[in-house]
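Every read-out reported here was derived from the displayed coordinates using simple, explicitly stated rules and does not represent laboratory data. Just so it is clear, the model here is predicted, and its values are computed rather than measured. Cβ placement follows ideal geometry from the backbone for every residue including glycine, while neighbour counts extend to all protein chains displayed.
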Amino acid sequence: MSLLVVGSVAFDSIHTPTAERDRVLGGSAVYFSYAASYFTPVRLVGVVGEDWPQEHTEMLQARRVDTAGLQVKEGGKTFFWKGKYMPNMNDRETLEVELNVFGDFDPHVPEAFRDSRYVFLANGSPVVQAKVLDQMAQPALVVADTMDLWIQTQHEDLLKLLRRIDGLVINDSEARLLTEEENLVAAGMKIRQMGPRFVIVKKGEHGAMFFGEEAVYTLPAYPTAKVVDPTGAGDSFAGGMMGYIAAQDKHDEATLKRSLAYGTLVASFNVEDFSLERMQRIELDDLDQRLGWYREMLTIG
Ligand code: AMP
């Protein structure tokens, strides 16, 4: 079933304690699309500058990503983000951000995308996220991501958006910031009262917590000793999750739980190399094999 993502398309420069990469393919919508494409075709809405290589677009198209919503701004430059990871590979510092064409991104959802049943509003201003929703016909499920910047600078707009979405995916520190609750269980429950039917709080290497109408639970991260580059972990998690939901065309809580497991597993592969490189070397079978091990790990006999 149709899945739409709106978010950043970027060049990233990444510094980790042991390696560096300059201007690799990144952006929330790119990680999301690739991760979701194991399960379902994806419709992408974003913006790039004229420095964007056509081969990146072709690579996404080869993965069933419809790029009809990717605006190319003549004379503009693509969004650029430079980050540095601390030795624990969890905490990171933004060294540079050049918003470029993403700074005045006015998302236009192509007519042919407006009937999408599943919508993911990747990290972006809540005003821009709301503009996307205004263009959609009648989605079955809308899930959004957000970050500290919007919680601090566009608080009222974010609160309005929360009343219009079904699910929110948010980091632990951002959940605390949004609710002023130290306890994450209390924070997750409080966000549900702000509007979304379910909330997923991501805790990096410690997994994710789910807060729904019927259940509250924690899923651990898949244990991996090889973390090369955590960039895009959150977006590939969301992509795996939404891709699975769209492929099933169901969003009851049992389906959501399996979708969280797939999200966890796609993210576990994604962090094993830079940019999309690890995801580019796996297939759905590899995810299913890891799902078998993950299920075994979670079963207490
Ligand atoms: P994640 O590691 O899942 O939080 O996502 C990292 C990706 O988000 C990188 O590829 C960046 O290009 C992108 N990114 C970083 N900052 C922003 C921002 N302010 N808005 C949108 N995307 C961003």
>> Among the residues in the stretch 205-220, are any buried (at least 20 other Cβ atoms within 10 Å of the Cβ) and in a helix (DSSP H, G or I)?
In response: no
> Which residues, taken from the stretch 138-149, are within 12 Å of the ligand (Cβ to nearest atom) and surrounded by 22 or more Cβ atoms within 10 Å (Cβ to Cβ)?
Replying inline: ASP145, THR146
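Just one of VAL47, VAL42 is of a type in the set (A, V, I, L, M), within 26 Å of ILE245 (Cα to Cα), within 12 Å of the ligand (Cβ to nearest atom) and crowded, with 16+ Cβ neighbours inside 10 Å; which is it? Explain how you work it out, then say what you get.
Details: VAL42 fails: within 12 Å of the ligand (Cβ to nearest atom).
Matching residue, one of VAL47, VAL42: VAL47.
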> Picking from PHE80, PHE32, which residue would you name as being in a strand (DSSP E or B) and closer than 29 Å to LYS226 by Cα?
Replying inline: PHE80
>> Just checking, does the stretch 74-97 include any residue being charged (D, E, K, R), over 18 Å from ASP12 (Cα atoms) and touching a residue at least 12 places away in the same chain (Cβ under 8 Å)?
In response: yes
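Inspect all residues belonging to the stretch 2-11 and state whether any of them is over 17 Å from SER236 (Cα atoms) and surrounded by fewer than 19 Cβ atoms within 10 Å (Cβ to Cβ). Even if it seems obvious, please write down each step before you answer.
We begin by selecting, within the stretch 2-11, every residue over 17 Å from SER236 (Cα atoms); these are 2.
From the residues that got through so far, the ones that are surrounded by fewer than 19 Cβ atoms within 10 Å (Cβ to Cβ) too are none.
Within the stretch 2-11, none of the residues are over 17 Å from SER236 (Cα atoms) and surrounded by fewer than 19 Cβ atoms within 10 Å (Cβ to Cβ).
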>> Given the criterion in a loop (DSSP other than H, G, I, E, B) and either within 30 Å of GLU20 (Cβ to Cβ) or of a type in the set (Ser, Thr, Tyr) (or both), identify the matching residue among ALA238, ALA225.
In response: ALA225
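Here's the yes/no breakdown for (1) part of a helix (DSSP H, G or I); (2) more than 16 Å from the ligand (Cβ to nearest atom); (3) surrounded by fewer than 18 Cβ atoms within 10 Å (Cβ to Cβ):
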residue: LEU161; (1), (2), (3): yes, no, no
residue: VAL169; (1), (2), (3): no, no, no
residue: GLU174; (1), (2), (3): yes, no, no
residue: LEU177; (1), (2), (3): yes, no, yes
residue: GLU182; (1), (2), (3): no, yes, yes
residue: VAL185; (1), (2), (3): yes, yes, yes
residue: GLY188; (1), (2), (3): yes, yes, no
residue: PRO196; (1), (2), (3): no, yes, no
residue: ILE200; (1), (2), (3): no, no, no
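Hey, can you tell me all the residues within the stretch 84-107 that are in a loop (DSSP other than H, G, I, E, B) and either among the aromatic types (Phe, Trp, Tyr) or surrounded by 15 or more Cβ atoms within 10 Å (Cβ to Cβ) (or both)?
Going residue by residue through the stretch 84-107, those that are in a loop (DSSP other than H, G, I, E, B) are 86-91, 99, 103-107.
MET89, PHE105, PRO107, listed by residue number.
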> So, in the stretch 80-137, of the ones that are of a type in the set (Phe, Trp, Tyr) and away from the ligand (no atom under 11 Å from the Cβ), which residue ends up nearest to MET1 (Cα to Cα)?
Replying inline: TYR118
> under 19 Å from PHE113 (Cβ atoms), within 14 Å of the ligand (Cβ to nearest atom), hydrophobic (A, V, I, L, M, F, W, C) and in a strand (DSSP E or B): does that describe VAL5?
Replying inline: yes
> Which ones in the stretch 12-28 are within 13 Å of the ligand (Cβ to nearest atom) and either surrounded by fewer than 17 Cβ atoms within 10 Å (Cβ to Cβ) or in a strand (DSSP E or B) (or both)?
Replying inline: ASP12, SER13, ILE14, ARG21, ARG23, VAL24, LEU25, GLY26
